[in-house]
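Note sheet for the following structure.
The values are calculated or read from the model by the stated rules, or taken from the named source; none is laboratory data. Because the structure is a prediction, the values reported are computed rather than measured. Neighbour counts are summed over all protein chains in view; Cβ atoms, including those assigned to glycine, are modelled from backbone coordinates with ideal geometry.
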């Protein structure tokens, strides 16, 4: 029992369900299928981004350029599709978006791996360069006439219900993409040498190198993969919004990072799980979307999110402190 | 000596940027009017960047600076537009302004102390602690103002942002005062020397008997006070306070600090380097503004500028190492 309580994920799970029960008790409408579907839908993009951020954070770095990459990939993909392949399929759009993201991610990688610079600072530079380039040279107008294949995907669903009031609620098919990314990241972190390298890098880079890991290759993978996921998430965002607005997405980076940390990943590296990350994403989405349901004015949203960040990080910091005391 | 050389290099970059902008905007950039308007503009970011530098010297970061500045501005706004009677006499207004300034500085001090406590005593990584407090402060500011701007400050207060003493704009003098005080605090006081030591090697600092926690508390309190000063200048210049004003300053301040030679891992950085960095960025954005470049093009060049400087530093360090 004591061991369980020392696991961050276990504590967060309990708190999460307590909050769910509390919200449900205040307003039973919370448990309606429509609401649960809308929560799940809100988790998709944040979840995909968070899983990429998880890998970056485990490796001991922080990247904040993923939202700029995501917006860039979303907007340029829409432009390219409309100009070259207006009849192009969904897969093509995701391939273009993913590729653009991957290329932009490789810029981060070459600075972090090639020049051994901290990713936080590098990504500060790349995020304003990428976003500035897009808005100055590619365009600032919202694209409303997306290719038909993307619009069709925005309507596709894997589950459909008619709720009590006769409204039809659906669960978008895109949830499958979140599940797929979850499985891939989980597999990489858990069962591959690459995944062990990521954890080792976050624990102690010098020992990792001496143990024979190719640190450069690992870092190239981390930032290219982060870029790839950002690109996919960007295209998905335009699918959900049914337009491509270059001003979207950027500005959400801190809440994504907060979700990952809330899920138990250590910001100093070496620690973090896929389960915890999804839980953290569920938690922040839950809070953001449920304040209105329980009658808290939306003005309070930021205060509540800030308190959650402070309390959860304080809890994990204090627990680590006491754990050290017990050892010594 | 390495520090002297990098400052020289930075100065060279600033001069080159200045000359290029003067050549690209003949008859417009090199005018008294432009220089004066730049002297009104850069102090806000400059003061915020000084605060960011203090946090980064100890190896931390402070993402809550702008939130603190806005919180301080809004409290000032409430005092000066709601509490103060409409028909207040002149000397009464002066008293209210003094009171508002005091409350603003106190807001900065208290917010900074909370950050310091969370980081030094609770042990939360600085990036997360200040992310949390920034959300809380912005949140409270939104709750207080319902998201609206607080306009209509008294004339006397606005002078802080819009008037001159002799030929010097007051915001510039405020920046200069902050920079000079910080320069001596960092270079000559034991607090400064210890702060650099903590940033260089925190374990060694603990074992050599430095009271790390108390120094960290003080450093974040100092950052908080600088944030509230920036808030005062910002409010006085724009005649309004708002919960989400200037949120892009946070990352710009980190950029300025890194450009100015502050090492994000802690231990390195100087007031002079930072001042040159903030000036060169002001030359860049004013110059681009005159060329009718969009703000986004400026954002793009700032980012490229940062990457370029880091690249140059990397290859230079490599050359120094290989020549040894």
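I'd like the residue in region A:224-259 that is within 14 Å of chain B (Cβ to nearest Cβ) and assigned to a helix (DSSP H, G or I) and, out of all such residues, is modelled with the lowest pLDDT.
Ranking the qualifying residues of region A:224-259, first place goes to A:254.
Let me confirm something: among A:132, A:125, which residue is within 22 Å of residue A:267 (Cα to Cα) and within 7 Å of chain B (Cβ to nearest Cβ)?
A:125
For region A:289-307: of the residues being more than 8 Å from every other protein chain (Cβ to nearest Cβ) and either touching a strand residue (DSSP E or B) at 6+ places or on another chain (Cβ under 6 Å) or in a helix (DSSP H, G or I) (or both), which is surrounded by the fewest Cβ atoms within 10 Å (Cβ to Cβ)?
Looking at the filtered set, the residue picked out is A:298.
Given (1) without any contact (Cβ under 8 Å) to a residue 40 or more places away in the chain; (2) farther than 30 Å from residue A:40 by Cβ; (3) in a helix (DSSP H, G or I), where does residue A:218 come up short, assuming only one miss?
Checking residue A:218 against (1) without any contact (Cβ under 8 Å) to a residue 40 or more places away in the chain; (2) farther than 30 Å from residue A:40 by Cβ; (3) in a helix (DSSP H, G or I), the one that fails is (1).
Being within 14 Å of another protein chain (Cβ to nearest Cβ), touching a helix residue (DSSP H, G or I) at 6+ places or on another chain (Cβ under 9 Å) and either in a helix (DSSP H, G or I) or at pLDDT 90 or above (or both): is that true of residue B:213 here?
For residue B:213, the condition - within 14 Å of another protein chain (Cβ to nearest Cβ), touching a helix residue (DSSP H, G or I) at 6+ places or on another chain (Cβ under 9 Å) and either in a helix (DSSP H, G or I) or at pLDDT 90 or above (or both) - is met.
Which of the residues belonging to region B:138-151 are over 19 Å from residue A:257 (Cα atoms) and part of a helix (DSSP H, G or I)?
Across region B:138-151, the qualifying residues are B:140, B:141, B:142, B:143, B:144, B:145.
Any idea which residue in region B:16-36 is modelled with the lowest pLDDT, counting only those that are loosely packed, with under 14 Cβ neighbours inside 10 Å and either farther than 25 Å from residue B:161 by Cα or in contact with a helix residue (DSSP H, G or I) (Cβ under 9 Å, 6 or more places away or on another chain) (or both)?
The residue in question is B:27.
Can you go through A:72, A:37 and tell me which one is in a helix (DSSP H, G or I) and touching a strand residue (DSSP E or B) at 6+ places or on another chain (Cβ under 6 Å)?
A:37
Could you please find all residues in region B:86-118 being away from chain A (no Cβ under 14 Å) and either outside any helix (DSSP H, G or I) or crowded, with 24+ Cβ neighbours inside 10 Å (or both)?
Of everything in region B:86-118, those that are away from chain A (no Cβ under 14 Å) and either outside any helix (DSSP H, G or I) or crowded, with 24+ Cβ neighbours inside 10 Å (or both) turn out to be B:86, B:87, B:88, B:89, B:100, B:104, B:107, B:108, B:112.
Among the numbered conditions (1) surrounded by fewer than 21 Cβ atoms within 10 Å (Cβ to Cβ); (2) in a helix (DSSP H, G or I); (3) under 14 Å from the mean Cα position of the chain (by Cα), tell me where residue B:257 comes up short.
Only one criterion is unmet by residue B:257, namely (1).
Just a yes or no: is a residue in region A:8-19 more than 16 Å from the chain's Cα centre (by Cα), assigned to a helix (DSSP H, G or I) and closer than 29 Å to residue A:121 by Cα?
yes
Here are some residues: A:149, A:154. Which one is within 21 Å of the chain's Cα centre (by Cα) and surrounded by fewer than 22 Cβ atoms within 10 Å (Cβ to Cβ)?
Unique residue meeting the criteria: A:154.
In region B:119-133, what count of residues is obtained for those that are under 13 Å from residue B:59 (Cβ atoms) and either facing chain A (nearest Cβ under 7 Å) or modelled with pLDDT of 90 or more (or both)?
Residues in region B:119-133 being under 13 Å from residue B:59 (Cβ atoms) and either facing chain A (nearest Cβ under 7 Å) or modelled with pLDDT of 90 or more (or both): 4 in total.
Quick check on my filter: what residues within region A:160-187 are buried (at least 17 other Cβ atoms within 10 Å of the Cβ) and more than 15 Å from the chain's Cα centre (by Cα)?
A:169, A:171, A:172
Only one of (1) free of Cβ contacts under 8 Å to residues at least 12 places away in the same chain; (2) more than 22 Å from residue B:109 (Cα to Cα); (3) under 20 Å from the mean Cα position of the chain (by Cα) is not met by residue B:168, so which one is it?
Exception for residue B:168: condition (1).
Out of all the residues in region A:112-121, which are part of a helix (DSSP H, G or I) and more than 7 Å from chain B (Cβ to nearest Cβ)?
The answer is A:112, A:113, A:114, A:119.
How about region A:261-283: which of its residues are in a helix (DSSP H, G or I) and away from chain B (no Cβ under 11 Å)?
Of everything in region A:261-283, those that are in a helix (DSSP H, G or I) and away from chain B (no Cβ under 11 Å) turn out to be A:274, A:275, A:276, A:277, A:278, A:279, A:280, A:281, A:282, A:283.
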